[in-house]
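The values are calculated or read from the model by the stated rules, or taken from the named source; none is laboratory data. Nothing here was measured: the structure is a model prediction, and the numbers come from that model. As a convention, Cβ positions derive from the backbone with ideal geometry for all residues, glycine included, and neighbour counts pool all protein chains shown.
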DNA sequence: CATAGATGAATTGTATGCAAGACTAGAAAT
DNA sequence: ATTTCTAGTCTTGCATACAATTCATCTATG
């Protein structure tokens, strides 16, 4: 049937996005922005009231965010913003380092002029932010720079995974950037990463990206793992004061 | 995701799992078992009737599976079992190779006697399956072997990610195993991987795992990427929304 | 005084109903 | 005969109602 080809063309049509999808984005953004802090309860009723919808689409959004690991949905006990234990956080960063370095390795192998230009532009933006000492701006530009590298792997699936994890870690990454005042150091590392990718040196690019993400945290991670025989990855609150 | 024993028991107390969670597992199992083939429609009404529940928990299960990337949920157009394009499939396998090799690298660095024993046991089971020529059994044991390696990374987050992707690719992996009749070859590669991990040779372990997963597919992947200048964004495309 | 048990309030899980968008088939027109 | 328009059916999306379970508070008891 020739009609099928014709029908395909109707796919340019823009379908209305469901409310649940919009809500998912909104809630995710609110979490990333820090409006909901780790440990905070995501109450279905209040979220429904806040967004002017019923509980149903809220529930659907929360469950999806839970499936992505963005929040923690406990059966019959409601959803909370995940509170990863220190060990869990190291594990997440270590995973981020591995995935990022994989992207860098592939990018070094497959670099195209377009991807190169995108990374260059993002790098320039980072430079500008550092020059102006704008930490918030650097945070945003840094995100774009890393996304450009993920894309440069020319593996959109891997890039999606990388970016998803990047978003999940954004709150802690921001702390990391601020706490150590390592804007300039970060920028220099970026330059080294770019250099390695452009040289087509897969190993070097992977290593530099790995170290860039972990920031000397690797050995510390190993140490923690060595000490802690058993690991708890519970989201159980460390909210109230120290257990006495 | 890390759904194993999610709602089973937390802090001694056993909570009743929600229907939606059970349904999620059931539907996922059905997809993995090949009962629903890629492209098949997952109709809410018929699934509800099949499991004897209303549409609500079915919907919630489908949305969660969609968020995990296991199926493809299109707004207002229902859910289907994902039909990755060949390019997409290569990307998924390549990502699996990268994540698996990362697990192997960490396993080589941190191997404990317990993890070693677990891998050994799984390897023995694989040997037995090959000796008896039981392809189905090997498929199951192979899965356990790889899971043992993921766990041996001593990074439970990374291991969860790896296992989730492994499950997602199970249908195609089974084809891969059968089509090439490479049971024996696979077993020998397993032995080589174990050897490298035990020797603490991170690079070798990573490389062997990488090659084991990709099975000479790497160059082919590069070739496909090289030929296809632009990649189709199929219906099974990324869920990155309007991110530019 | 502390702890265990029970009762009421609050919150989540599921079912049902209705509205709106998407698919199908048929008729009209070129 | 092919395409376009249209009407009807089917499916999904959301709201509401109710059931089930968890949490908090209070009381009784050692």
Q: Could you tell me whether any residue of the stretch A:9-21 is away from DNA strand C (no atom under 11 Å from the Cβ) and modelled with pLDDT of 95 or more?
A: no
Q.
Cβ contacts < 8 Å: first residue at positive phi, restricted to the stretch A:77-96; second residue in a helix (DSSP H, G or I), any location; separation 6+ or different chain. Result?
A. A:78/A:44
Q) For the stretch A:37-44, does any single residue satisfy the condition of being more than 8 Å from chain B (Cβ to nearest Cβ), on the phi > 0 side of the Ramachandran plot and in contact with a strand residue (DSSP E or B) (Cβ under 7 Å, 6 or more places away or on another chain)? A) yes
Q | Conditions (1) under 19 Å from the mean Cα position of the chain (by Cα); (2) surrounded by fewer than 20 Cβ atoms within 10 Å (Cβ to Cβ); (3) touching a residue at least 24 places away in the same chain (Cβ under 8 Å); number of the one not met by residue B:207 | A | (1)
Q. Are any of the residues in the stretch B:135-157 at pLDDT 95 or above and on the phi > 0 side of the Ramachandran plot?
A. yes
Q: Could you list all residues from the stretch A:130-140 that are free of Cβ contacts under 8 Å to residues at least 24 places away in the same chain, more than 14 Å from the chain's Cα centre (by Cα) and assigned to a helix (DSSP H, G or I)?
A: A:131, A:136, A:137
(Q) Condition first: away from DNA strand C (no atom under 12 Å from the Cβ) and at pLDDT 95 or above. Now tell me which residues in the stretch A:36-60 satisfy that. (A) A:50, A:51, A:52, A:53
**Q.** Residue list for the stretch B:69-88, filter: surrounded by fewer than 19 Cβ atoms within 10 Å (Cβ to Cβ) and within 9 Å of another protein chain (Cβ to nearest Cβ)
**A.** B:74, B:75, B:76, B:77
Q.
Tell me which helices (runs of 4 or more DSSP H) are completely within the stretch B:31-123 and hold 3 or more residues being under 22 Å from the mean Cα position of the chain (by Cα) and either within 16 Å of DNA strand D (Cβ to nearest atom) or closer than 28 Å to residue A:156 by Cβ (or both), or say none if there are none.
A. B:55-67, B:86-110
**Q.** Filter pass, residue A:5 being within 12 Å of DNA strand D (Cβ to nearest atom), assigned to a helix (DSSP H, G or I), at pLDDT below 95 and within 11 Å of another protein chain (Cβ to nearest Cβ)
**A.** no
**Q.** Test: residue B:111 is buried (at least 19 other Cβ atoms within 10 Å of the Cβ), more than 9 Å from every other protein chain (Cβ to nearest Cβ), modelled with pLDDT of 95 or more and within 25 Å of residue B:21 (Cβ to Cβ)
**A.** no
